[in-house]
Amino acid sequence: MTVPEMNAQRTKKWTVVGLGTVLAAGAVSCASPDPVADTTVAPLPPRVVALVDENRRYPEWRNFPRQGTAPPDATAVSVRVEALNTASAATAADVAAIDWTLEDPEGFARRIAEDIASRPIAPATAQTRAEVEAFAEGLRDRGRAPPPVPRR
């Protein structure tokens with residue numbers, strides 16, 4: 001026998017042993033008596049037994065409050081679905097009617113450039129990069145702590 005075959009047999013053996021252990025534990029747990037019903041196993045105070053007997057069937061659906069409204073009947077749902085389908089078809093027809101091609105891209109670009117050129121430029125936009133960096137450096141200088149005061 002080779003080593004892999006030996007390992008396979010060992011694995012099978014441990015699987016069978018493990019499965020047998022699980023089945024035996026399940027059988028023992030099923031055969032154990034109910035501690036509440038059988039007072040010889042563990043005598044419980046009468047108050048605990050009364051509480052368990054009282055709530056043995058809890059929860060039941062009749063104990064839960066109804067929430068919301070009842071669902072509409074099938075005809076009302078079908079009417080609403082048909083209205084949505086009609087609205088969807090109308091929207092699809094509107095979208096299909098749009099001419100999605102751009103006939104004159106150069107003219108479009110020219111109109112956009114003219115629109116941008118017609119608007120005034122903000123003063124901050126007209127500043128150069130050097131001016132912005134000089135302003136930022138001035139703010140950094142103002143934010144530095146002053147030199148320490150001599151103690152003597």
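General observations
- Spin-label model distance (nm) - ARG110 vs ARG56, 7 Å beyond Cα toward Cβ: 9.4 nm
- Part-to-part distance (alpha-carbon centres) for segment 62-118 and segment 129-152, which is given in Å: 56 Å
- Förster radius 30 Å - calculated FRET efficiency between THR75 and ASP99, Cβ distance, rounded to 0.05: 0.15
A short reminder: the numbers here are calculations on the coordinates, not readings from a lab. Not measured: the values here are computed from a predicted model. All Cβ positions, even for glycine, are placed from backbone atoms using ideal geometry, and neighbour counts span all protein chains on display.
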